[in-house]
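To keep things clear, I will list the structure first and then write my remarks on it.
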Amino acid sequence: MNIEPFDAATASDADLRAYYEFDCAIERETEPGDPVPPFDVAAVEFREPPSWEVVKRWLARDGGEIVGRSLLELEYVDTNRHLGWFDVAVRPDRRGDHVATRLLAPVVDAAAADGRTVLGVDAVEDTAGAAFVAALGLEKRAVERRSRLLTAEVDRTMLEEWVALARQRASDYSLIGFDDACPEELLDAYVGVTEIMNTAPREELDMEDWHDTPARVREREARRARRRRHQWTLMVRHDPTGALAGFTDIGWGDWMDDLAWQGGTAVDPAHREKGIGRWLKAAMLLRVLDERPEVARIDTWNAGSNRPMLAINVALGFRPVKHYGTWQIATDGLLAAVTKRV
Ligand SMILES: CC(C)(COP(=O)(O)OP(=O)(O)OC[C@H]1O[C@@H](n2cnc3c(N)ncnc32)[C@H](O)[C@@H]1OP(=O)(O)O)[C@@H](O)C(=O)NCCC(=O)NCCS
């Protein structure tokens, strides 16, 4: 068995398809029920990463066949330059033989060479992945809850009441929204309002605030279109000042059947406790019910400790589906654990 680098950007179609098939099999195992993106969509993901991101990949091959793969994601933005995020997966029939540990050796070397002092990974709770990262000495620093809303069970009257109540409690605010691409005149304010997500709990994660830029928003929009994905965004404006006080977004791919993802929702601390979070969520959901009746399930991810957001989601009917741990370790600690085993 060989461990070798894999450059998705320059790989032939045949090699990239083999890589994609491997990824799809792992995805079907770890996230059963989730739609798998078709090859043309995944190929954009693999070949055209964002300009501020580098993804390094390695394959374990035996007789030409892929038996495992690892990857390291590196972001080159103004914060969190000390962090790297990795992933690793091994074909079920080759597990328990330290293939994953061997696949981590080049990950750790590349992270260290790039000055990344802390490495992190997500793993579904109570799975082999969680046992694997715990065995290597990573520490669980945060737990995310994945929750699901079945739209057939939504209480439409309650949503309408939430909207009506917000109109009384937050009478000097109004809703504005856009689909897919942010209008130019809102772009700077939109960048500002999305950064309120930095106020969501990060639990014990070693992670700094992130900052966005209009250029990155535009690049993300263009990538979204190339991946046949869509996003609706709804924001609340404080009319007397014109300030944006909060936002929510929901997204899906046109290759997905009945599923949509509820993305971020945040309300500026200066405008909280006026029912704006409920208003945003209810107004967006009403639009989904009216305009996208094919959406049967909406999934969302929240920090397990995010009481205000979970309270709204639970009231809407979101129910927990599973939990993910986010684990971190010092790069030199992971190097020592890997070296000890292989
Ligand atoms: C998690 C996964 C990558 C492990 O691959 P692997 O090649 O079997 O892992 P290794 O043999 O290198 O295991 C290293 C250590 O992890 C622990 N470990 C791995 N799998 C485990 C399991 N199923 N149960 C308990 N401990 C486990 C062991 O302690 C092992 O060390 P030891 O044998 O020296 O004591 C593999 O199960 C997989 O591909 N799962 C699906 C994808 C996934 O969940 N990825 C997780 C991202 S972190």
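Key figures
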{"item": "Selected residue [out of contact with any Lys or Arg (no Cβ under 8 Å at 6 or more places or on another chain), crowded, with 19+ Cβ neighbours inside 10 Å and within 30 Å of Asp209 (Cα to Cα)] from Leu104, Leu72, Leu83", "result": "Leu104"}
{"item": "Strands (runs of 3 or more DSSP E) fully within the stretch 117-221 counting 3 or more residues that are within 16 Å of the ligand (Cβ to nearest atom)", "result": "118-124, 139-150"}
{"item": "Answer from Arg292, Arg307 - the residue that is touching a residue at least 12 places away in the same chain (Cβ under 8 Å) and basic (Lys, Arg)", "result": "Arg292"}
{"item": "Among the residues listed as Gly68, Gly96, Gly63, Gly115, the single one being in contact with a strand residue (DSSP E or B) (Cβ under 7 Å, 6 or more places away or on another chain) and assigned by TED's automatic domain parsing to the domain that holds Ala336", "result": "Gly68"}
{"item": "Any hit, the stretch 52-62, residues being under 18 Å from Val99 (Cα atoms), open to solvent by 20 Å² or more (accessible area, probe 1.4 Å) and of a type outside the set (D, E, K, R)", "result": "yes"}
{"item": "The listed residue being under 25 Å from Asp78 (Cα atoms) and open to solvent by 20 Å² or more (accessible area, probe 1.4 Å), out of Ala215, Ala225, Ala270, Ala266", "result": "Ala215"}
{"item": "Residues being within 8 Å of the ligand (Cβ to nearest atom), surrounded by fewer than 20 Cβ atoms within 10 Å (Cβ to Cβ) and farther than 15 Å from Asn2 by Cβ - total across the stretch 86-100", "result": "4"}
{"item": "Conditions (1) closer than 15 Å to Ile176 by Cα; (2) part of a strand (DSSP E or B); number of the one not met by His230", "result": "(1)"}
{"item": "Residue check for Pro37: outside any helix (DSSP H, G or I), in contact with a strand residue (DSSP E or B) (Cβ under 9 Å, 6 or more places away or on another chain) and touching a residue at least 60 places away in the same chain (Cβ under 8 Å)", "result": "yes"}
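The values are calculated or read from the model by the stated rules, or taken from the named source; none is laboratory data. The model shown is predicted, which means the values in this text are computed figures rather than measured ones. Because the Cβ atoms are built from the backbone with ideal geometry, glycine has one as well, and the counts that use them run over all protein chains shown. Areas reflect the complete protein model, heavy atoms only, side chains present, ligands, DNA and RNA absent. Shrake-Rupley method; radii C 1.70, N 1.55, O 1.52, S 1.80 Å.
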